[in-house]
Amino acid sequence: MTFQHSFLIQIISASTSFLASLVIMIMIKRATLTTPYRRLIFGLSAADVIHSVGMITGPYASPKGLSTCPWAVGNTGTCVANGLFNAGGSIGVALYLLSLSLYFFLKLNKRMADTDFSRLFEKKMHFLIIAFVFSFNLTALLSDSFNPIPTGAVCHVARYPTGCGVYPEIVGECTRGANHTMVLVYLLNVGVLPFCSLGISVCMVLLIRSAVLSERMYTLDNDGPVSRRSRARNFFNCIFCWYFEQNQRDNESDANYVLRLYRRETVTQASLYIGFFLISNIISLIVTMLNLAGVYDMPIAFKYIASFLYPLMGFFNILIYCRPKVQKFRFEHPEMSWILSFFLVVKAGVEVPDESVDPHALTVRCCCFPMEKPNHTELSNESYEPESSSYGVFPFYY
């Protein structure tokens, strides 16, 4: 594989992410934006659509004739437009993920209802995200800071020509972005993105800690406490929609049983959003830091991995967003494979397919294992009815 193959990998990954995020936006719009969770996911998907467009067009948007951009067919104007998409989209994705993490934290750890979150935080979050993205892009636009990055994959905040700030005696003096560009580069790559990653990581740790403490309250049975290994296995099986023990204890009320399921499902969903964000961004952040240090000759594997993972956030998001519905559908139809269940859920508008679907006529066996129904005690509607504003529909409220 040559160095230019990374451009093709980037375009394929970004196209997949673009389609996935667009599907999420359409499905949420059809289902109405009734909850903070859906509105935040809608904003996250919109930001990813913008970012994906920038990643798809990036290899072609740079000025034609540059040695670092062999696929370039554009000019300065197309490069600036591409930079607006990439900077605005990447910042929007990071800030919306941080907002989503705070939403999960406040809902789980502080028991905050959706109505209170909307009144106290949500509108301010949307306003601050849009205002910051607009201000950053406007500043970069006025200071001529949108230029091709050293790898040639996209246009972003960078000085031009490449390497002019580190090796002016070789490539010459900077002709664009010489004055304020590095302030924006450090603000983005040392300020905003690491701050969001740190905030997201802290929220994930607190959420998992809350889940572990909650599980310890209900792991005692007649034979004694359940081992840590068993609790860990159940947690990761829950993440991947496999069978996990979630039986109702003899000494556990219906209300506590529903709350335990709700908390586990929420923590699992939050952990997936946060974990895949960190996975998709870590290599790209390392590459950026090396470029800032003047290291442009790096292992080609770094570029391939970054080109594949970095644009895939939208694809990860649709898998995570559909996961609770897929899990519920497979609970009702354990003979269905995960992949086919996912297809049916998306086809039904990211909702659990109705009874008109004949799963036996469509069953295929894929690499995913079928999920069995746990034999738990039936819940009594008379004893406990979760409020829709706080807990939604048991237990998959998403």
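The values are calculated or read from the model by the stated rules, or taken from the named source; none is laboratory data. Since this is a predicted model, take the numbers as computed values, not measurements. In this analysis, Cβ positions are derived from the backbone assuming ideal geometry, glycine residues included, and neighbour counts consider all displayed protein chains. Remember, those area values only see protein heavy atoms, side chains included, never the ligands or the DNA or RNA. Shrake-Rupley method; radii C 1.70, N 1.55, O 1.52, S 1.80 Å.
Kindly state, to the nearest 0.05, the FRET efficiency for VAL73 paired with THR34, given R0 = 45 Å and r defined as their beta-carbon distance. After rounding to 0.05, the efficiency reads 0.50. Scoring 73-83, 23-33 by mean Cβ neighbours within 10 Å over their residues and listing the highest first yields 73-83, 23-33. For LYS110, a cut-off of 23 angstrom between C-alpha atoms picks up these lysines, skipping any fewer than 8 places away in its own chain: LYS123, LYS124.
Pop the C-beta distance of ILE282 and LEU8 into the FRET formula with R0 = 22 Å and round what comes out to the nearest 0.05. The partial results should precede the final answer.
Values: r = 22 Å, r/R0 = 1.01.
With R0 = 22 Å, the Cβ-Cβ based efficiency is 0.50.
Computed with a 1.4 Å probe over protein heavy atoms only, the accessible surface of region 90-206 comes to 47 Å² per residue. Rounded to the nearest 20 debye, the dipole magnitude of region 57-145 is 280 debye, with +1 charges on Lys and Arg beta carbons, -1 on Asp and Glu beta carbons, and the Cα centre as origin.
Packing, as the average of other Cβ atoms within 10 Å across residues, places the peptides 184-191, 131-138 in the order 184-191, 131-138, highest first.
The label point for MET289 and the one for THR115, both projected 7 Å from the Cα toward the Cβ, are 4.6 nm apart.
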